[in-house]
Every structure is written in structure tokens, then in C-alpha cells.
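Each remark here refers to the structure printed beneath this line.
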Amino acid sequence: MNDVLSNFDLVLQAFGLTLQLFVLSGVASLVFGTLLAAARVGPVPVLAKAGAAYVTLVRNTPLLVVFICVFVAMPRLDLNISSFLVKGVIALTIYTSAFVCEAMRAGINSVPLGQAEASRAIGLTFAQSMRLVVLPQALRAVVPPLASVLIALVKNTSVGAAFGLAEATARMRIFTNDNSSDRPLIFLTFAIGYIILVEVISAGAITLERRWKVAR
Amino acid sequence: MRFIRTKTTLAAIGMALSLAACGNAGSEDTASVDVQVDEEAASSFEEGTKMKELADAGKITIGVKFDQPGIGFKGAADDAPTGLDPEMGKILAASLGIEPSAITWKETISDNREPFLQGGEVDLVIASYSITDDRRKVVGQAGPYYVTGQQLLVKKGSDIKGVDDIKGKEVCSVTGSTSLDNVEQKGAKPRGFDTYSECRDQVVDGAVDSMTTDGAILLGYAAEDPDNLEVVGEAFSEERYGIGYSKDSPEMCQWITDTLKKAQDDGTWGKAFEATLGKSGVETPEPPAMDPCS
């Protein structure tokens, strides 16, 4: 009754949710991760320490545990967020932004120190020098590592399958449960879906790298 | 300084261990029924059948669920799973002359029941395994040995009084299960979790509105926490639990059916039910009529 090809709209719907999780938490992680990186390299010691502590804490926590904190621990502490999508995005963002932060920091460190010193010398504030001088150069260097982080994020969305999110992996398990005779086809269909998503990100990264390439 | 650090580490490990010990939720006394082991079994089966092979070897591997109280449940500290499914396994093993202690219990989840049978990793699957035509294409299913239906578990005083009220509500069950698929088709927002106990916690904590699966399991949870939880509505599906065997050994069907029929007739089936699902207050039903083996 639930053949994978005749119910292809369900497959698309599931990948739609995967994509939604990816885009929302991807954008949020990029913003939050960049702010964290700025805090870590910035002149305020408290912020730098806090950023470092966040990265150490989150990077040492398995993603599954982060999900458990958001989906199981928070409701028990009466901090429940009613939307499952938002909970998923929060869990993925908490986790991914630590990795974005470190990729960004590597990029910032690749910009020669003289650039930052010169921009401060001509009277730019720290925020201005980050925004106008350092980050634009750093971003070029971080495209490949950020692409890796984002590809990992696409695949990490599948953890949501065990936390009430009917994304691609959850839908795949419904299909295999109902159509045990059709397993290879179901696995293949969903594998192709994930490959397409990952390839799109890779292609985007390659395009950006090429466009932003400068003679050094 | 070094000494202090060692002590802190030890304290931390100790705390982690004591936390781990708390994780043993819901394990109850290991009630089970004594089965009559047939010592002469090996000689009663024909040469070349799977039954003969198992009886000669004196051991059998059975796949059961480890996370369904009353059906198939094994706590972290238990040696063997308890529930109706393991009891059925013991009855079948006994007819082969195999002691309960010689049974290897292997955890199967919904996803791996067919692969385990096809790959020969288990000899039988008795894991709340609903009989469906599609499954019968890839594995053999004898039975049913128990018939149940899907119901809803809610917090006491919930708006949900039956299956007609779940439209647009968050309803959880185990990811990929037929129960979840059923409520999705009735307009609920399906929320799949890894185990039934996680799903029950979501109901208790108010993160979802209701939990759904086979009534017998829900009654077990409601009985554990009668002040907070209740089972509402009539059953809205029929699940016929069958015993899975490999298609390579079709001769097993007749043996399973005959053995279970005998257990139904001599009252062993009823005793097994009372010792497991019956403890949550359900009356022992009439044993279901089993499908003929083709």
C-alpha cells in the first residue's frame, strides 16, 4: 500500500523537511558561528574565553546528546518549545556553529596580522575592520572547510528521525517497514536523494571558490 | 595537586556510574511460565528438516523486542527478556527439546526482522511481528498467536477521547512503525522516536499530545502510572502477531502452528498471557484461530 515510487510525493515531502532543517540551521549556524569566531579572536577577554568554552563544550558533546537535551531534557524542565522543527533547528545549530566557528577562526588567522593592524591604524573600529577588511579575505579561505561542515550538517539532519521529525531517514524507515520486499529500491531512492543534496553543496562551494579566487 | 586531580576524576567517574545505574527503567520481576521440555524431541522430526537440525544442535536463536513491556522487554540488568513473545519462544523451543536456558535471545528492531531471517542470523522472529501480505513475500509468518489493535495513550484529562480527535495533533510512536503510518493517514502529525519509553516520556512531559501503538503495550504503561496516563478510545486497527521464519525452511510453519495450537488447547498459552500482558489488568482473551499453512 505504500510503494516508494507510487508514493513519490511522500519522498519529496520528507526531503523537503530535510532541506528545511538544513537551510534553517545552516543559516543560523553560519551567523552564530561567525559571531563566535569574532568573539574568539576579538579584543574582549571575557568574550574570547566564553567562545572558547562554548566550542570546547559543544565539540566534545555527541550530536545525539545535544538532541536529547533539546527534545527530552528541556520539556522536562518546562522549557518546551512546541514546534518540533524549531527544536530540530536549535539542536543542529548548537552543534554545527561550534564547527563553523573553528573553520572561520582558521580563515581569520590566515589573513596576515598586518591587515588587521593597518585597518586599526587608519581608525577603523574592531567591528569595522572585521567586516570590511578581515572577514572578506577570510571567507575565501574558509569555503572548502565550510562546505565540509555543511555537508556534515545535511547528513546530521537524519538524527532527527529518532526525535519526531519525519525527514528523509524517518520516511525511509516507514517505507522499509511497510514494504520489506522492496528494500533495495527504497534504500537506493533515499541514497540518491542525499547524494543530490550533497553534490549541490559541493558544486556551490566549487563555484564560490572559483569566483572568489584572487591572484596572490 | 596531582592527587587532588585524581580524586576529582574518580569522583566524576563514580557519579557517571551511579547515573548509569539509574538508567535501568521499568524492569519488573522476571515472571515466566514453566515449560515442559520434550526430551525425546529430536527423534520425532524427519531427517533434513530445520526442526531436526535445531533439535540435534540443542540450541536455537530467537529474535525478540527488548523495549516493549509485556510483549518483549529486557532491562539493562536482566539476563533474559520477558513478555508474551519470549514465552512463545520458550514453548516452541521446548517442543524441540531445548531448555529455555539454551535459547539465545537476539534483539530485533522493526527494521531488521526480515534481514535477520533472510541472513540466517536468527532461526525465528517473535517480535510483535504483524502478519502482512507484503512481509509474507520475503519471509514466512505462522500464526497469529495474538491479535491486538492500535489505541491511544494520553495524559489524564486530555481533549483526545478517541481516534477521531487526533487530527492535527502531535502523536508519537516508534519511527517507521505501522502504527505511526496509520495515525498519519488519519490526519495526525506523526512524531517518530527510537523506543516506546522515549515516546511515553514525551507524553508525560507534554511535548506531544498522545502516543499510539498496540493497546496491550499502552495498557502496560498506563498501569505503571495510573495517576497521569490513560488509554482512550476503541482499537482502530487489527494487528495479528505472527512468528517469522525463513522461506528456506517452509516446513517450520506446520510445526509452529501445531505446537502453538497444542499450547492453546492445554492452557499453556493462557498461562503465558496471564504472566505477561495479563499483569496490566487485561483479561485473557480467547486464543486466536491460526492461519492454515499453505
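Taken along its three principal axes, the alpha carbon spread of the range A:22-175 comes to 60, 32, 24 Å, from the longest extent down to the shortest. In whole percents, the pair-distance distribution calculated for the range A:161-208 from its alpha-carbon pairs, binned every 10 Å from zero, is 25, 39, 25, 10, 1.
Given 4 °C and 1.567 mPa s, compute D for the protein assembly as shown with the Stokes-Einstein relation, Rh being the Kirkwood radius over Cα pairs; round to the nearest whole µm²/s.
50 µm²/s
Pairwise Cα distances in the range A:93-216 exceed 21 Å for 56 percent of all pairs.
Partner lysines whose Cα lies under 19 Å from the Cα of A:Lys155, excluding those fewer than 8 positions away in the same chain, are identified as A:Lys87.
At an R0 of 45 angstrom, the distance between the Cβ atoms of A:Thr207 and A:Ala53 translates into a FRET efficiency of 0.80.
The B:Asp159 and B:Gln185 beta-carbon pair, evaluated with R₀ = 25 Å, returns a calculated FRET efficiency of approximately 0.75. A Förster radius of 45 Å combined with the Cβ-Cβ distance from B:Ala57 to A:Ser110 puts the calculated FRET efficiency at roughly 0.10. Checked against a 32 Å cut-off, the cross-linked pairs B:Lys52/B:Lys271; B:Lys137/B:Lys279; B:Lys161/B:Lys247 give Cα-Cα distances beyond that limit for B:Lys137/B:Lys279; B:Lys161/B:Lys247.
Among B:Tyr146, A:Leu132, B:Val231, whose Cα projects farthest towards the positive end of the dipole of the protein assembly as shown, with charges put on the beta-carbon of Lys, Arg (+1) and Asp, Glu (-1)? Going by the charge dipole, the pick is A:Leu132. Dividing the convex hull volume of the alpha-carbon atoms in the range B:146-294 by its residue count gives 124 Å³ per residue. Full extension of the segment from A:Arg76 to A:Val27, taken as 0.36 nm per residue of separation minus the current Cα-Cα distance, would add 14.8 nm. To the nearest ten degrees, helix A:168-178 and the longest principal axis of the Cα atoms of chain A are 10 degrees apart.
In terms of surrounding Cβ atoms within a 10 Å radius of their Cβ, B:Asp258, A:Asp182 rank from fewest to most as B:Asp258, A:Asp182.
The stretch between B:Thr49 and B:Lys137 holds 29.5 nm of extra length on full extension. This uses 0.36 nm per residue minus the Cα-Cα distance. Counting other Cβ atoms within 10 Å as a rough exposure proxy, the listed residues B:Cys199, B:Cys253, B:Cys293 run B:Cys293, B:Cys253, B:Cys199 from fewest neighbours to most. Only alpha carbons enter this Debye calculation for chain B, each as an equal point scatterer, and the log10 of I(q)/I(0) it gives at q = 0.08, 0.12 Å⁻¹ is -0.38, -0.79. Panel note: the C-alpha atoms of the range A:1-56, placed on their principal axes, show extents of 61, 17, 9 Å (largest first). With respect to chain A, whose longest principal axis is taken over its alpha-carbon atoms, helix A:84-110 is tilted by about 40°. A simple rule links phi to the HN-Hα coupling: the Karplus curve 6.51 cos²θ - 1.76 cosθ + 1.60 with θ = phi - 60°, which for the range A:32-37 gives 5, x, 5, 4, 4, 4 Hz, with x for Gly and Pro.
None of the figures in this text is laboratory data; all of them are computed from the coordinates on show. It should be emphasised that the depicted structure is a prediction, and the values quoted were computed from it without experimental measurement. Glycine also receives a Cβ, built like all others from the backbone with ideal geometry; neighbour counts cover every protein chain displayed.
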